[in-house]
Amino acid sequence: MKRERLAQIYDYIENHENVSTLELTAAFQVSEMTIRRDLAALEKQGKISRFHGGASVRQSEKSEAAFELRIGVNYECKAAIGRHGVEYLQTHICSNHPNSIFLGSGSTIYCMAKQMSPGLSVPIITDNLYISTILAASDKNTVIMVGGQLILPSLNATGYIAEKMISDFTIDCAFISSSALDENGNLYAYNLLEAGVFSTVISSSKHVVVLADHTKLGKKNLVHVSALNQHFTLITDSHTPEEYLSYYRNLGTEVIVVSNPETM
């Protein structure tokens, strides 16, 4: 019985990347003490890494493959949104001579970074190893990598160190993605570790641009982080229901709708 539950818990963590103890308690209908013992057993087997309040799958050679798989899902749509993210950066942000910009983690932000021209005349701050590798490939870019605990498969920095570094910067505009954005304009993070950084970026930035395709909208995730308002811009695609877009605009958020590749 316990062996079967351990296998199920491991599968759950692997599928959800990072999970909280409370989430596992609810999912498996057992006590928090039982979940902690199960996590300790899985950690002893070398299958997971525990952090305060939860656990994640131990780093392995599967990480990069998992991230590439995520990028491949709805890729053309993400690339189109990323391209409009670059256009927004060049047209609305760089023309005002910002002190710095922030690029978060996520497959859509990755697609944006891949399309950015080298030699951006502003320091770029990022908490993501994949993003920093792309941007630092050109010696014309000034890239500042945030430190902290890396989580998989996204390889973004989390924790106190990451949050402290970000709060010390003056960020004129942050480009972020979101694990979910519900119909009421609430932004969510996958887990508690990411939520802390997510929240700090939003509070430290004068303006926030959210890049999210229609598959992320109208949904909720584990941790509520913030809500859309007049300090946000949302770039999404034309498959997003019009009632969502109207509600977001009524919150004061600028909404940019990108035509889907098949309709362009």
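Observations, loosely collected:
- Take the conditions (1) surrounded by fewer than 19 Cβ atoms within 10 Å (Cβ to Cβ); (2) in contact (Cβ under 8 Å) with a residue 60 or more places away in the chain; (3) part of a helix (DSSP H, G or I); Ile161 misses just one of them, which is (2).
- Taking the range 229-263 as the range and being under 15 Å from Gly218 (Cβ atoms) and acidic (Asp, Glu) as the test, the residues that pass are Asp237, Glu242, Glu243.
- Residue within the range 190-203 that is in a strand (DSSP E or B), in contact (Cβ under 8 Å) with a residue 40 or more places away in the chain and either over 26 Å from Glu87 (Cβ atoms) or of a type outside the set (Gly, Ala, Ser) (or both) present: no
- Selection from the range 79-104 of residues that are small (Gly, Ala, Ser) and modelled with pLDDT under 90: Ser95
- Some residue of the range 190-201 being open to solvent by 40 Å² or more (accessible area, probe 1.4 Å) and over 15 Å from the mean Cα position of the chain (by Cα): no
- Test for Asp213: is it surrounded by fewer than 21 Cβ atoms within 10 Å (Cβ to Cβ), modelled with pLDDT of 90 or more and either more than 25 Å from Ser56 (Cα to Cα) or touching a Phe, Trp or Tyr at 6+ places or on another chain (Cβ under 7 Å) (or both): no
- Some residue of the range 8-28 being over 28 Å from the mean Cα position of the chain (by Cα), at pLDDT 85 or above and surrounded by 14 or more Cβ atoms within 10 Å (Cβ to Cβ): no
- Criterion violated by Leu89 - all others in (1) part of a helix (DSSP H, G or I); (2) touching a Lys or Arg at 6+ places or on another chain (Cβ under 9 Å); (3) among the hydrophobic types (A, V, I, L, M, F, W, C) satisfied: (2)
- So Ser117, is it touching a Lys or Arg at 6+ places or on another chain (Cβ under 7 Å) and modelled with pLDDT under 90: no
- Looking only at the range 219-262, and only at residues there that are among the small types (Gly, Ala, Ser) and in a strand (DSSP E or B), the one that is surrounded by the fewest Cβ atoms within 10 Å (Cβ to Cβ): Ala227
- Taking each residue of the range 103-132 that is on the phi > 0 side of the Ramachandran plot and part of a helix (DSSP H, G or I) and looking for partners that are open to solvent by less than 10 Å² (accessible area, probe 1.4 Å) and aromatic (Phe, Trp, Tyr) with beta-carbon atoms closer than 9 Å, six or more apart or interchain, yields nothing.
- Residue match in the range 168-185 (condition: in a strand (DSSP E or B) and of a type in the set (Ser, Thr, Tyr)): no
The values are calculated or read from the model by the stated rules, or taken from the named source; none is laboratory data. Please read these numbers as outputs of a predicted model, since none were measured by experiment. Neighbour counts run over all protein chains shown; Cβ positions are idealised from the backbone, glycine included. These accessible areas exclude ligands, DNA and RNA; they are computed on the full protein's heavy atoms, side chains included. Shrake-Rupley method; radii C 1.70, N 1.55, O 1.52, S 1.80 Å.
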